[in-house]
Amino acid sequence: MSKILVLHGPNLNLLGMREPEIYGRETLDDINEMLEKQAAAQGVEVEFLQSNHEGVLVDAIQQAPRNGVAFIILNAAAFTHYSIAIRDAIAAIEVPVIEVHISNVHTREEFRHHSVIAPVVMGQILGFGIDSYFGAMAVALKKIKALY
Ligand code: CA2
């Protein structure tokens with residue numbers, strides 16, 4: 001059975017509680033619930049993990065192939081901009097990764113313009129608010145359907 005792993009990086013546990021003008025009013029639980037429904041409608045299982053710790057995310061990425069994960073949807077948050085450890089973990093596995101950002105990082109501070117993981121992911125969806133996640137989920141579900 002193919003599974004989709006949704007990984008949320010540091011501070012995304014604060015969604016809905018602060019900076020609603022940038023990140024919206026939905027909480028992480030709201031987003032996960034909607035993603036779960038979107039996948040369940042296609043009979044696909046989803047696992048979720050949020051961590052503020054780089055190594056926890058690296059472990060989850062490394063373990064994805066042996067846990068039957070067919071796709072990873074990753075909002076690496078601030079780690080996007082500097083974590084070579086996360087980049088190396090993505091590069092070390094065959095499982096495709098879709099990079100997601102809620103905000104349009106290119107219209108924000110200069111330090112958010114560069115993604116160190118961009119060269120090793122399948123593609124990026126960003127700037128659509130929480131719809132970036134649902135767009136990524138739609139792509140992952142479509143690709144999984146084509147595979148199985
Ligand atoms: O736009 C995105 O999804 C980001 O990945 C969010 C990260 C940021 O560092 C990236 O540059 C872009 C920050 C996540 C922090 O989320 C918060 C949510 C509510 C309140 C405070 C932070």
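A short reminder: the numbers here are calculations on the coordinates, not readings from a lab. In this text, all values refer to a predicted model and were calculated from it rather than measured experimentally. With ideal geometry, Cβ positions are generated from the backbone for all residues, glycine too; neighbour counts draw on all protein chains shown.
Do you know which of the residues in region 122-134 that are within 15 Å of I4 (Cα to Cα) and within 11 Å of the chain's Cα centre (by Cα) is farthest from the ligand (Cβ to nearest atom)? So, considering only residues that are within 15 Å of I4 (Cα to Cα) and within 11 Å of the chain's Cα centre (by Cα), the one farthest from the ligand (Cβ to nearest atom) is F134.
From I102, I93, I117, grab the single residue that is crowded, with 20+ Cβ neighbours inside 10 Å and more than 10 Å from the ligand (Cβ to nearest atom). The unique qualifying residue is I117. Scan region 3-45 for residues that are of a type in the set (D, E) and within 16 Å of the ligand (Cβ to nearest atom) and the total you get is 5.
Residues of region 46-55 that are hydrophobic (A, V, I, L, M, F, W, C), within 16 Å of the ligand (Cβ to nearest atom) and either over 19 Å from I102 (Cβ atoms) or crowded, with 18+ Cβ neighbours inside 10 Å (or both): none at all. For region 69-85, taking the residues that are farther than 23 Å from K142 by Cα and in contact (Cβ under 8 Å) with a residue 40 or more places away in the chain, the one that is farthest from the ligand (Cβ to nearest atom) is identified as F79.
Applying the selection to region 51-68, what residues are more than 18 Å from A118 (Cβ to Cβ) and either in contact with a Leu (Cβ under 7 Å, 6 or more places away or on another chain) or part of a helix (DSSP H, G or I) (or both)? Walk me through how you get there before you give the answer.
At the first step, the residues of region 51-68 found to be more than 18 Å from A118 (Cβ to Cβ) are 51-53, 55-56, 59-60, 62-68.
Across region 51-68, the qualifying residues are S51, G55, V56, D59, A60, Q62, Q63, A64, P65, R66, N67.
Looking for something part of a strand (DSSP E or B), hydrophobic (A, V, I, L, M, F, W, C) and in contact with a Ser or Thr (Cβ under 7 Å, 6 or more places away or on another chain) - is there at least one such residue anywhere in region 69-82? Write out each step before concluding.
In the first step, residues of region 69-82 are kept if they are part of a strand (DSSP E or B); the result is 69-75.
Narrowing further to those that are hydrophobic (A, V, I, L, M, F, W, C): 69-74.
Applying the additional criterion that residues be in contact with a Ser or Thr (Cβ under 7 Å, 6 or more places away or on another chain) yields 70.
So far as region 69-82 goes, yes, one or more of its residues are part of a strand (DSSP E or B), hydrophobic (A, V, I, L, M, F, W, C) and in contact with a Ser or Thr (Cβ under 7 Å, 6 or more places away or on another chain).
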